[in-house]
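Input: a single structure, listed below in structure tokens.
No lab work stands behind these numbers, since they all come straight from the coordinates. Everything quoted here is computed from the prediction, not taken from an experiment. Here the Cβ positions follow ideal geometry from the backbone for every residue, glycine too, while neighbour counts run over all protein chains shown.
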Amino acid sequence: MKNILAIPALLGATSLGIIKNVGQWGVFSLTAVLGMIHIRRLIPKILYDIYFIGFKSLNIIILVAFFTGMVLGLQGYYTLIKFSAEGMLGVAVALSLVRELGPVLTAIMLIGRAGSSISAEIGIMRISEQIDALSTMDVDPVRYLVTPKIIASLICFPLLTAIFDCVGILGGYFSSVLLSSRSGIFFSKIQSSLLLSDVTGGFIKSFVFAFIVITISCYCGYYTHQNQSSAGAEGVSNSTTSAVVQSCVYVLVSDYVITSFLM
């Protein structure tokens, strides 16, 4: 009898834990957003976070974008040539990047480079009681630590997505030059087929991904001390891993939801 009751008890406990975490994340995010009302004193931190999240991620974004575009050009060419439609290669590459791959891959790269670092940084501040010290000095730690990162991410994610799209299209063009002498129609097809709504949809996704990635990364680090299974350095490690995994999952889930509304 006890074994039979253990299953619904486990499901109930798991459901309550998920609801608690979602609610706690919602309150945490709302507190950070409300902190934007008075941001004049946070401008130096915002500028530093723009440098850390945006500028320091530029190299990896350009590298990944170029080779992503080349792979799309290569695969697209050998697919379209079977239907004698290789002239549409530019459209296929551009739409794939602008609509989906640009925002998603940019977000995933920033999760690995910036999100994990932010989660570990805040987690270390938590276990070393620096966050408690901020509260003791009557400084709101969420507004001081998280709000500048949200503002910086909302600026950096769309800009990096635009760079990813442009460099990726150049990579696809480079592939088309190597494979076909008809590369002159590559950009002309893009100009005639790519719509403003396609670009707008990609930027909407980048804004949503920015908010999701930064709030989850900060949340996992901020509540490192609530991890009952581990403490200290191991707790920070687990929080960082959790931030990366959850951010990737929620980016992909939100990508599907947004795409379903934009189609």
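Measure nothing fancy, just the Cα-based angle from helix 116-127's long axis to the longest principal axis of the chain, in degrees from 0 to 90, nearest 10.
10
Which angle between 0 and 90 degrees, to the nearest 10, do you get for helix 196-222 versus the longest principal axis of the chain when only C-alpha atoms count?
30
At what distance in angstrom do the alpha carbon centres of the range 14-59 and the range 194-253 lie from each other?
Here the two parts' Cα centres lie 10 Å apart.
What is the angle, in °, between the Cα long axis of helix 2-34 and the longest principal axis of the Cα atoms in the chain? Nearest 10 is fine, range 0 to 90.
80
Assign unit charges at the C-beta atoms only (+1 for Lys and Arg, -1 for Asp and Glu), then state the dipole size of the chain relative to its Cα centre in Debye, rounded to the nearest 20.
With Lys and Arg at +1 and Asp and Glu at -1, about 240 debye.
Express in nm, to one decimal, how much length is gained between Ser128 and Gln226 on full extension, taking 0.36 nm for each residue of separation and deducting their alpha carbon distance.
Full extension from Ser128 to Gln226 adds 33.9 nm.
Mind checking the full-extension length gain between Leu34 and Phe83? Use 0.36 nm per residue of separation minus the Cα-Cα distance, one decimal, nm. Write out the running numbers ahead of the final one.
Working: separation 49, 0.36 × 49 = 17.64 nm, distance 5.41 nm.
Between Leu34 and Phe83, full extension yields an extra 12.2 nm.
Show me the ranking of peptides 39-52, 56-69, 88-101 by mean Cβ neighbours inside 10 Å, starting with the highest.
Highest mean packing first, the order is 88-101, 56-69, 39-52.
Multiply the residue gap between Ile60 and Ser237 by 0.36 nm, knock off their C-alpha separation, and tell me the result in nm, one decimal place.
61.4 nm
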